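I have placed the structure first, in the form of structure tokens, so that the comments after it can refer back to it.
The values are calculated or read from the model by the stated rules, or taken from the named source; none is laboratory data. Owing to the predicted nature of the structure, the values given are computational and were not obtained by experimental measurement. Here the Cβ is made from the backbone with ideal geometry for all residues, glycine too, and neighbour counts use every protein chain on show. Keep in mind that these areas ignore ligands, DNA and RNA; they rest on the heavy atoms of the full protein, side chains included. Shrake-Rupley method; radii C 1.70, N 1.55, O 1.52, S 1.80 Å.
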Amino acid sequence: MEPVSPLKPAEPRDRKLSIHVVTWNVASAAPPVDLDSLLQLDSQDPNLDMYVIGLQEMSCGIMSLLSDTAFEDPWSSFFMDVLSPLSFIKVSSVRMQGLLLLVFAKCQHLPFIQILCAKSTPTGLFGFWGNKGGVNICLRLYGYYVSIINCHLPPHLANNDQRLEHFDWILEMQNFEEPDIPNILDHDLIVWFGDMNFRIEDFGLHFVREAVKSQSYSDLWEKDQLSIAKRCNTLLREFQEGPLLFPPTYKFDKNSNSYDTSEKKRKPAWTDRILWRLKRQPHTDSCTPRLPAPGFSLSLRSYVSHMMYTISDHKPVTGTFDLELKPLVSVPLITLKPEALWAVENAMLINYSLTQDFPSSPWDWIGLYKVGLRHINDYVSYVWVRDNQVSISDGLNQVYINMSDIPETEDQFLLCYYSNSLRSVVGISNPFKIHAFLEEDPLGEVQPQM
């Protein structure tokens, strides 16, 4: 009789993540009432996993900045209000004056998204003022390195060389202090978008407007400054873009779909763009092209502008992508196991287990959330993992939250484990209900923050 060979661990299943990217120069306007079309919420089956939203020229007067520092800015609040009921959570954000970058993800992806850093690169006023420049969020997505950049480059037709210099400078400044984070050009994916301010050269105003009116967009492509730069710049050539099959997105009269009727009468241009770059494998043969890494591919599903929004002199642009990957990380670092019996001597028990290589810290905490949370600090209650510890055995840990901290409601809840060293959620429970009637306790404690 042949010996039975041990079972090999199952290969992680390939995943397809749908990512919706939004870029919009909002010209200091407040959010409109309805953004369903922009967010694809009016689609029959959007089936999205992540939103990446970049805004430029948000209101950044002194009073606005002071208010937004103390509270969420109106745009962030708007997107969280709309997306949180659909199980999207704000994973990370970064703001530099009028530039804002937001990343949302479905709940089930949280344990597989590690935020590595969020940074700003000002390029205005000799490199010190943040009215122009870029903001970046670097993360690991199922083990792959992904960098997301929202930028606002210098305006005007004649400043094309300056735009390209700022593009190079923003890219060059994306260096990371942590030694285990590779150079940005070695990241598996870079998504770069924003108000890039590239214009249409040579053609006169009348020719451009007539081409737009007749939807002869291809007549304008060869004189688009970004398209010209990609033909000459080796690094820029590595960034891909979808076809420009929509009208130029600048410059419009506000509250209309009419191009600039002011005395300046600026030429229409595709200033608002979405680019991406996949990491390429090293050359093995000088005669063969460099191919994307195996097990990781990105395809563009749609690339459109949204003419219905008139609050700005720019039209927003969206790109919807399908990211297919073979997960490098397929098991959460933390597994949370809510107890079947919640009412235990005035305490709610929480079981959790961790993987062997997880870097636990006394500053890690477990948050209790209502289903539909907006962001990670939107907890109802919490416990530091080294406080209120009941037992540790065979890799299983048990902590408790006082009943007085638990709200009296029939809503559904879930638990999230936040790692201080990884600055990310590394474990999430299934939704559950608390079936006990609980009393409130006015005592307050120091609250954990990201």
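For the stretch 165-196, the set of residues classified as surrounded by fewer than 19 Cβ atoms within 10 Å (Cβ to Cβ), part of a helix (DSSP H, G or I) and hydrophobic (A, V, I, L, M, F, W, C) consists of TRP169, LEU185, listed by residue number. Would you mind stating whether ILE137 is closer than 20 Å to LEU55 by Cα and either among the acidic types (Asp, Glu) or in a strand (DSSP E or B) (or both)? Answer is yes for this residue.
Hey, can you tell me all the residues within the stretch 370-413 that are open to solvent by 60 Å² or more (accessible area, probe 1.4 Å), touching a residue at least 40 places away in the same chain (Cβ under 8 Å) and hydrophobic (A, V, I, L, M, F, W, C)? Correct list: VAL371, VAL390, LEU396. Within the set SER93, SER147, the sole residue that is at negative phi, in contact with a Cys (Cβ under 7 Å, 6 or more places away or on another chain), modelled with pLDDT of 95 or more and assigned by the TED database to the domain that holds HIS20 turns out to be SER147. If I ask for residues that are more than 30 Å from VAL103 (Cβ to Cβ) and either under 24 Å from the mean Cα position of the chain (by Cα) or open to solvent by less than 10 Å² (accessible area, probe 1.4 Å) (or both), which ones from the stretch 197-211 would you list? ILE200, VAL208, ALA211, listed by residue number. All conditions but one from (1) open to solvent by 40 Å² or more (accessible area, probe 1.4 Å); (2) of a type in the set (Ser, Thr, Tyr); (3) within 30 Å of PHE296 (Cβ to Cβ) apply to SER214; the one that does not is (3). Of the residues that sit in the stretch 398-428 and are within 14 Å of TYR382 (Cβ to Cβ) and not in a strand (DSSP E or B), which one is modelled with the highest pLDDT? Going through the qualifying residues, I end up with ASN420. Suppose we keep only residues that are of a type in the set (S, T, N, Q) and in a strand (DSSP E or B) within the stretch 86-117. Which one would you say is nearest to PRO154 (Cα to Cα)? Out of the qualifying residues, it is SER93.
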